[in-house]
Amino acid sequence: MRNVYVLSADTTKYGKSPLSARELALQASKKAILDAEISPADIQASFIANAFSLAEKQGHLGPIIMSGLGIPDVPASTIESACASGASAIREAWINIGAGIYDCMLVVGVEKVSQLDTITATTYFSFGSDFVFEGACGASFPGLYGAIARSHITKYGTTEEQLASVAVKNHANAMSNPNAHFHKRISIEDVMKSPVIASPLKLYDACPFSDGAAAAILCSEDFLKKTGRKSSEKVLIRGSGRAGGTGALFQREDLTTLNAAVMAGREAFKMAGLSQKDIDFAEVHDCFTVAELVAEEDLGFARRGQAAKLTQEGYTKIGGELPVNPSGGLKAKGHPVGATGVGQVVEVFEQLHGKAGERQVEDARIALTHNVGATGGSCGVHIFELT
Ligand SMILES: CC(C)(COP(=O)(O)OP(=O)(O)OC[C@H]1O[C@@H](n2cnc3c(N)ncnc32)[C@H](O)[C@@H]1OP(=O)(O)O)[C@@H](O)C(=O)NCCC(=O)NCCS
């Protein structure tokens, strides 16, 4: 495999948007192309990370986005792995460039769902679960993650206040992220008093339904040289891990771990030749507060059952031993499903270049992203280094 670099990464604002998926994707893509100082004609192929474009009665986003960029001849395919569509698209582009098929690719993740009411959006999202055994039986994602939270509480004695501390931290981090869905500081008390959505999870334990897009230009070392840039100025994808898991929770023996995340994490660390201690910060998939704790344990950042205590003690805040979700995470930055995994790369890119403003993680050189599809049917983990 050849080295693969992130040449640029940029995003739209997340939240409720009047724009369509096509418009959001074009906005993010044009920003990434401008940041990379390349021409659209340099893009040889593209992957579009998207899960629910049919909610806008539009499939096959690739040609629409490429036409909008003035490059209709460029092959573009949608990668759909529910909420892990972004990491899956990054992984596929990494394979294509690493294998020498292409030198320059656009990965753009996008989602537009705010036109749907809550029940319709919840139903669409549950198409990403094992719909026959879960969604169709009334088990929505809040319900499924509620079961995961209940298991974590039962097995490890995790408290609802400890879950709330994840939301408080991530809302605080999002305050200085101009592209975040929420700019609202909250307290443990606010979380505890918010309405229960799927016991033990409450409103503030959940990520919102967000619209948004994020894009990244990935390239080979040869392409970097052509642009006149030194590889030493760029972000290397040092490790890539991707694994699957059972679609439904009833097929699992233990709900407090996602096997796909454990396996993808191991693959990424092994490929990078690094250990958990080498990571300066992580962007993990906190679709519900409990998911951040499970991620930290699955990735080996915390011993089983210990992540809640570490969060409460400030270990994962900006300035702590391992900042987690300095962007605000899915919880507060937002979760435009297809965009999420690519948006994590945007945060990594900004942080590694020291451009994250007030939420900057000091001396960040190596970062990890962790993006989960549904309740762990898919997971992608990537490790990035400013070389
Ligand atoms: C929690 C949830 C049910 C709330 O939806 P809702 O009841 O329709 O909420 P509304 O859109 O009516 O918003 C009501 C208020 O709560 C706020 N809000 C909505 N979701 C929120 C969230 N997740 N966190 C914090 N605030 C939230 C809104 O901003 C709004 O505030 P305002 O009255 O000050 O404007 C919905 O956000 C949800 O299902 N989230 C999970 C999405 C999901 O499953 N994603 C996939 C993960 S695998």
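No lab work stands behind these numbers, since they all come straight from the coordinates. Source: prediction; values computed, not measured. Here the Cβ is made from the backbone with ideal geometry for all residues, glycine too, and neighbour counts use every protein chain on show.
Counting helices only, and only those DSSP H runs with n ≥ 4, report the 222 nm mean residue ellipticity of the chain as the sum of -39,500 (n - 2.57) divided by its residues, in deg cm²/dmol to the nearest 500. Don't jump to the answer; show the numbers that get you there.
Working: 12 runs with 136 residues, N = 387.
It lands at -10500 deg cm²/dmol.
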Q) Expressed as an acute angle from 0 to 90° and rounded to the nearest 10, what is the orientation of the C-alpha long axis of helix 85-98 relative to the principal long axis of the chain? A) 40
**Q.** Among 155-162, 347-354, the order from most to least packed when residues are scored by Cβ within 10 Å on average
**A.** 347-354, 155-162
Q) If Lys and Arg each add +1 and Asp and Glu each add -1, what is the summed charge of the other residues whose beta carbon sits under 12 Å from the beta carbon of ILE279? A) -3
Q) Computed FRET efficiency, Cβ-Cβ of GLU313 and CYS137, R0 35 Å: what is it to the nearest 0.05? A) 0.35
Q) Over segment 152-235, what is the mean sequence separation of C-alpha contacts under 8 Å (at least six apart), divided by residue count, expressed as relative contact order in percent? A) 20
**Q.** Unit charges on C-beta of K, R, D, E only; dipole of the chain, Debye
**A.** 140
Q. Any idea what angle helix 160-174 forms with the longest principal axis of the chain, computed on alpha-carbon atoms, 0 to 90 degrees, nearest 10?
A. 30
**Q.** Computed label-point distance, nm, for sites MET1 and ILE95 using a 7 Å Cα→Cβ extension
**A.** 1.1
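Given Cα pairs under 8 Å that are at least 6 residues apart, what percent is the relative contact order of segment 97-175?
14
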Q. So for the pair HIS353, LEU203, with labels modelled 7 Å out along Cα→Cβ, what separation do we get in nm?
A. 3.7
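Could you pull out the trypsin sites (Lys or Arg not before Pro) across segment 1-75 that fall in loop regions by DSSP (anything but H, G, I, E, B) with no more than 10 other Cβ atoms inside 10 Å?
When the trypsin sites (Lys or Arg not before Pro) of segment 1-75 are filtered for loop state and at most 10 Cβ neighbours within 10 Å, LYS57 remain.
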Q: Quickly work out the GLN306-to-LYS57 label distance, labels modelled 7 Å from Cα along the C-beta direction, and quote it in nm with one decimal.
A: 5.5
Q: Note down the relative contact order for the chain as a percent, whole number, built from C-alpha pairs under 8 angstrom at least six residues apart.
A: 27
Q: Could you estimate the translational diffusion coefficient of segment 251-364 from the Stokes-Einstein equation, with Rh from the Kirkwood formula over C-alpha pairs, at 10 °C and 1.306 mPa s, in whole µm²/s?
A: 108
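Send over the Kirkwood Rh of segment 201-265, from the inverse of the averaged 1/r over different Cα pairs, rounded to one decimal Å.
When all Cα pairs of segment 201-265 are included, the Kirkwood radius is 16.5 Å.
Find, among the GluC sites (Glu not before Pro) in segment 1-64, those assigned to loop by DSSP (not H, G, I, E, B) with at most 13 other beta-carbon atoms within 10 angstrom.
GLU37
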(Q) In 20 Å bins starting at zero, report the fraction of Cα pairs in the chain per bin as a rounded %. (A) 32, 60, 8
Q.
Given a Förster distance of 41 Å, report the FRET efficiency between GLU233 and HIS183 from their Cβ-Cβ distance, rounded to the nearest 0.05.
A. 0.80
Q. Which FRET efficiency, nearest 0.05, do GLU221 and LYS16 yield, Cβ-Cβ r, R0 45 Å?
A. 0.65
**Q.** Inter-centroid distance (Cα atoms) of segment 327-384 relative to segment 92-109, Å
**A.** 19
Q: Alpha carbons only, please: Rg and Dmax for segment 303-387, in angstrom.
A: 13.3, 35
